[in-house]
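The values are calculated or read from the model by the stated rules, or taken from the named source; none is laboratory data. Model, not experiment: these values are computed from the prediction. Cβ atoms come from the backbone with ideal geometry, glycine included; neighbour counts cover every protein chain shown. Accessible surface is based on the protein model in full, side chains and every heavy atom, while ligands, DNA and RNA are left aside. Shrake-Rupley method; radii C 1.70, N 1.55, O 1.52, S 1.80 Å.
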Amino acid sequence: MPTVSAIIPTYNRADVLPAAIDSVLAQTHEDLELLVVDDGSTDDTEAVVTGYDDDRVRYVAHETNRGANVARNTGIEEAKGTYVAFLDSDDRWRPTKLQRQLDRLDETDGDWVAAYCGFERDLDGVSGRLKKSVASLLALGDDDVTLEGGRELQAGILADEVETCAGSTLLVEREVARSLEGFDESLDRFQDPEFVLRIADVGKIAYVDEPLVTLASVGSPAPDTVRRADEAYLEKHAETVAAAEDRGIDVTGIHRFLLAKQYFAAGRPLAGIRFLRNAQIRPRQYPGLLWAVGRGSKRLTLVAAAMLTLAGVAFGTRRVVK
């Protein structure tokens, strides 16, 4: 049995998948297997994976597209390792990622069942540098946040103060992942923190304070999809939410703010304003809010320009007909 089973769920990402695979195979901890779970791809994903001449690589395929959470759970069921670790197919691990996490867990006792690590976002160009600056501002004031432990982590996760990005940073005992039935397949968003919340119910989670993962800059689902997932996420953990709010942590207000940003960024300011009412806004979050408003305004400008263009074409056509 390998020590670690790395699991990459993928769907039609044959162009970026090799970078993710290479980052796993380049780990300094070599006692691993890599399960690439192809979630019904129609591109060259199978050829990319089977083209690797490495016995550690296994290709597992779904006949149809069933979603990333299902693909991760398929990997958990197929895994042979003592631990399972997850990596999205457009992200990358640094070479020492697994070794640093395993070393951290070796320093603990049997109550510690998982580890996650720091990360950085792959942002290039002027826009990317601006986003990095905003991210730095968002990190200010977080020194007193609890970043490892058991149930004491849960309030911080719900309040979006502990961002694990578990889909690419998490290493967890395979049997723990199986006992919890893996990722919640009904959620289109918040599946990563939701899984970590349940892990914290049964064991402690360690943290390696190094950026050992590079995350791709990707878009977000439609805000209505995020809203429905948010409602399901908070309802599923209603007791934990209530306990956090009894301690003065306004989880509901924080999530209203998160949803407001989604709607502003999507160019739906009226919905954003509606969620911003009764939201909890911390000073460090103003840059992110302004970024979302600016992004949404740009979208509105483009939409307005397109509508005016179409109106002009229609008007011009009517004049020709006359």
> Mind checking which residues of the range 240-273 are closer than 23 Å to Trp291 by Cα and without any contact (Cβ under 8 Å) to a residue 12 or more places away in the chain?
Replying inline: Leu270
> Quick one: in the range 159-185, which of the residues that are open to solvent by 10 Å² or more (accessible area, probe 1.4 Å) and touching a residue at least 60 places away in the same chain (Cβ under 8 Å) is nearest to Leu259 (Cα to Cα)?
Replying inline: Asp160
>> Please go through the range 194-226 and give me each residue that is closer than 23 Å to Arg100 by Cα, within 17 Å of the chain's Cα centre (by Cα) and open to solvent by less than 30 Å² (accessible area, probe 1.4 Å), ordered by number.
In response: Phe195, Val196, Leu197, Ile199, Leu212, Val213, Thr214, Leu215, Ala216
> What tally of residues in the range 229-240 results from selecting those that are surrounded by 15 or more Cβ atoms within 10 Å (Cβ to Cβ) and in a helix (DSSP H, G or I)?
Replying inline: 7
>> Can you find a residue that is at pLDDT below 95 and open to solvent by 10 Å² or more (accessible area, probe 1.4 Å) anywhere in the range 1-11?
In response: yes
>> Condition (residue is part of a helix (DSSP H, G or I), β-branched (Val, Ile, Thr), within 24 Å of Tyr59 (Cα to Cα) and at pLDDT 95 or above) applied to the range 152-159: is it met by at least one residue?
In response: no
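Conditions (1) farther than 21 Å from Thr96 by Cα; (2) acidic (Asp, Glu), marked per residue:
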site: Ala14; (1), (2): yes, no
site: Pro18; (1), (2): no, no
site: Asp22; (1), (2): no, yes
site: Asp31; (1), (2): no, yes
site: Val36; (1), (2): no, no
site: Gly40; (1), (2): yes, no
site: Asp43; (1), (2): yes, yes
site: Thr50; (1), (2): yes, no
>> modelled with pLDDT of 95 or more and surrounded by fewer than 17 Cβ atoms within 10 Å (Cβ to Cβ): which single residue out of Asp103, Asp122 fits that description?
In response: Asp103
